[in-house]
Structures are given as structure tokens and as C-alpha cells.
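Data block below; observations after.
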Amino acid sequence: MTIENFISDFSEQFESTDKSEFTKDTYFKDLTEWSSLVALLELAMIEENYGVQVSAEEMRNSKTIQDLYTIIQSKQ
Amino acid sequence: MFNPFTLYNKTILITGASSGIGKSTAIECSKLGANVVIVGRNEERLKDTFDKLLGENNKMFVSDLNNNDLMLNLIKMIPALDGIVHSAGIQKTMPFQFINKEKINDVFSINFVVPIILTQQILKRKKLNTNASIVFISSIDGTINTHIGNSIYSASKGAVLSITKSLALELSYKKIRVNAILPAMTETPLINNVNYTQEQLKQEMDLFPLKRFAKPEEIAYAIIYFLSDASSFTTGSSLIIDGGFTLK
């Protein structure tokens, strides 16, 4: 597991946002495409690809993609 | 005092009685004079429900009905029934892109297959009295509307409503009635789901004309109506209990 893979997996849940928009420091909730459905997709992707369950509350408290990645690492 | 909703001397089996709607239904049924037979997987929580029941003729069985042998064993031990309330259920939030066979099977097994096979086996073993009443818990999701990430749950609850009607027709010759409740969000452990924040639940609550979710006993009282002789001409019906949610 690397942050680069996670950024790529994370970006795949978006339809129209350009890949270049995603870095570890991206404030993902500020992206125009961000929605409650995308949030659910990210939670499901994390469970499927990384085998851990991140809660919606933990996602709410995360600002950057790195923040989320740190939570996943702490659970593995 | 005349009370058409009395359950006096009726023996009612309630699944999923260790929490939520099942727990509340068990307690309220016992208050109306029913002899309650409660089933659940968690012994400690089931015991907590049992301790809250009124009356001396109640029974509790810790069992996992998803295990066929345990189910058949349970049916051997229970008395003849005047009612069944199928309130065991699970909900899994997952976007459609992430569903798979295993997840579908998990949800359908508990929400649909188990209540159906349990009913069928109880009938086969003649443990359901004439004039008995069977109550299924469906949902507004899958019957009236749906929510994002809820496709499998919705499908399972839609299936429950469909079979409620078929069973009502097929069992009418035995004078057994079959009805379903269609609740919306109810204050139970089932909605405290890791996929939603408290903030999102509050936003959802604001969509309800009555500005709150149901209390479990508000679902239980409707179940009691279907179990009681007050509904003796009601079969194959369903009742939406949603604080007006589906009006909009």
C-alpha cells in the first residue's frame, strides 16, 4: 500500500474531475464533484481495497487525502 | 374494560427481539397480555428484553435462525403460536458498484430467506393456530422509494412485501392472516450506521414532515394492531409508518 495507489483509487470514484486535481494535500471536500454519493463510494472502495472500515464520521473529520490515508494505516 | 387490541392469551413469536423494533414489540405485546416467545442471537441483550416483559408465561431462546439446524431445533421447542413477528433484519449501505454475491446473500438471507423458511417450517410442523396472524417488517425503501447506497436492502424489503401478499392469499384457507409494516427511519441500532454521520442523520430527519424518526414503540403498536383481533378482516395489507416522509 502506497499513498500513490491510494490517491489513484480515490480519484477513480470521481467521474469528471481531472486526475491532476488529486494530490495527498488535496482538500477533497472542496472538489466540485464531491457529494454524499462519492463519499459512500470512497468508504466502499476503502473497505474493498484496503480491508478496513472507515466511518462517515472519520471521513467528515478528514480534510486531505493524506488524512484519510493515515486513518487507513492506523487500522491495518 | 373493552379493548379490541388485546393480545390476552395469544402466544406470539418475535424474532430479532434483542434490540430495536423486535425488542419494543416484545415488551408492548407482553403489556397487552400476550405470552411472548422471543428469539435473538445476543444472549445478554435478549435477557435484557426478557427481563422487561410482563407476565409469567414468556419464553426466550438464544438462537441464530440463519443456521438451519438451530432453526429446526427452535421450532421443536416453541409452543403453538397465534402470531409471528419477523423483526430480525440487517441493513448494509453500499453503492451499487461495490455490491457482490456475498453481500447480496448476507442481506437477503437475514431479511428474506430466514423469515420465509421459518414461517414455512412452523406451518409444516403445525405450530400455527387457526386465526393466527403473521407480521413481516418491510420498509418504505424498496416499496415506495429508496435511498442512495441502499439497493440490496431495498430489494430484500420489496421481496418481503411481495411474499406477504402471496402468503396472505395462500394461507387464507387456514384463516391465517399475513400483513406487513413499512416503516421509515426508526430510532434503533440499525440506523446507527458507520456510513452516516450524525450530521447526515439530522439532515435526513429534517426531510420528515414530523421532523423526527419513529420511536420503536410507534412501529410496535401497528404490529399489535395486525396481531390483534381488531384486524381480523385485514390480510395482505401493508401500513406505511413514516411521519409523512413519502408524502413529499
Exercise for the section: Only residues in the stretch A:1-18 that are over 19 Å from A:Gly51 (Cβ atoms) count as the first member; pair them with residues that are assigned to a helix (DSSP H, G or I) and of a type outside the set (S, T, N, Q), Cβ under 8 angstrom, at least 6 apart or cross-chain, and list the lot. Expected result: A:Ser11/A:Lys19; A:Ser11/A:Glu21; A:Phe14/A:Val38
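Scan the stretch A:10-17 and tell me whether some residue there is in a helix (DSSP H, G or I), among the hydrophobic types (A, V, I, L, M, F, W, C) and within 14 Å of chain B (Cβ to nearest Cβ).
Step one: of the stretch A:10-17, the residues in a helix (DSSP H, G or I) are A:10-12.
In the following step, the residues that additionally are among the hydrophobic types (A, V, I, L, M, F, W, C) were identified as A:10.
Within this subset, residues satisfying the condition of being within 14 Å of chain B (Cβ to nearest Cβ) are none.
Looking for residues that are in a helix (DSSP H, G or I), among the hydrophobic types (A, V, I, L, M, F, W, C) and within 14 Å of chain B (Cβ to nearest Cβ), one finds none in the stretch A:10-17, hence no.
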Practice task
Please specify each residue of the stretch B:222-248 satisfying the condition of being in contact (Cβ under 8 Å) with a residue 60 or more places away in the chain, more than 20 Å from B:Lys157 (Cα to Cα) and surrounded by fewer than 16 Cβ atoms within 10 Å (Cβ to Cβ).
Solution key: B:Asp229, B:Ala230, B:Ser232
Completion exercise
The condition from (1) part of a helix (DSSP H, G or I); (2) under 14 Å from B:Phe98 (Cβ atoms) that A:Gln53 misses is numbered (1)
Exercise for the section: Select, from A:Thr64, A:Thr32, the only residue that is among the hydroxyl-bearing types (Ser, Thr, Tyr), surrounded by fewer than 18 Cβ atoms within 10 Å (Cβ to Cβ) and touching a strand residue (DSSP E or B) at 6+ places or on another chain (Cβ under 7 Å). Expected result: A:Thr64
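In the list B:Glu218, B:Glu204, which residue meets the criterion of being modelled with pLDDT under 95 and surrounded by 14 or more Cβ atoms within 10 Å (Cβ to Cβ)? Talk me through it step by step, then tell me what you get.
On the way: B:Glu218 fails: modelled with pLDDT under 95.
The unique qualifying residue is B:Glu204.
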Completion exercise
Note on A:Trp34: of the conditions (1) among the aromatic types (Phe, Trp, Tyr); (2) more than 21 Å from B:Met94 (Cβ to Cβ); (3) in a loop (DSSP other than H, G, I, E, B), unmet is (2)
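Taking the stretch A:50-61 as the region of interest, how many residues are within 21 Å of B:Phe96 (Cα to Cα) and either loosely packed, with under 15 Cβ neighbours inside 10 Å or more than 14 Å from chain B (Cβ to nearest Cβ) (or both)? Even if it seems obvious, please write down each step before you answer.
At the first step, the residues of the stretch A:50-61 found to be within 21 Å of B:Phe96 (Cα to Cα) are A:50-56, A:59.
Now drop any that are not either loosely packed, with under 15 Cβ neighbours inside 10 Å or more than 14 Å from chain B (Cβ to nearest Cβ) (or both), which leaves A:51-53.
Qualifying residue count for the region: 3.
Check every one of the helices (runs of 4 or more DSSP H) wholly within the stretch B:61-146 and list those with 2 or more residues that are under 15 Å from the mean Cα position of the chain (by Cα) and either within 14 Å of chain A (Cβ to nearest Cβ) or of a type in the set (A, V, I, L, M) (or both).
Qualifying helices (runs of 4 or more DSSP H): B:114-124.
Tell me the residue from A:Glu42, A:Glu4, A:Glu33 that is within 14 Å of chain B (Cβ to nearest Cβ), out of contact with any Pro (no Cβ under 7 Å at 6 or more places or on another chain) and modelled with pLDDT of 95 or more, please.
Working: A:Glu4 fails: within 14 Å of chain B (Cβ to nearest Cβ); A:Glu33 fails: within 14 Å of chain B (Cβ to nearest Cβ).
That would be A:Glu42, the only listed residue that is within 14 Å of chain B (Cβ to nearest Cβ), out of contact with any Pro (no Cβ under 7 Å at 6 or more places or on another chain) and modelled with pLDDT of 95 or more.
The values are calculated or read from the model by the stated rules, or taken from the named source; none is laboratory data. From a predicted model like this one, the values you see are computed outputs, not experimental measurements. Here Cβ is always computed from backbone atoms with ideal geometry, including for glycine, and neighbour counts include all displayed protein chains.
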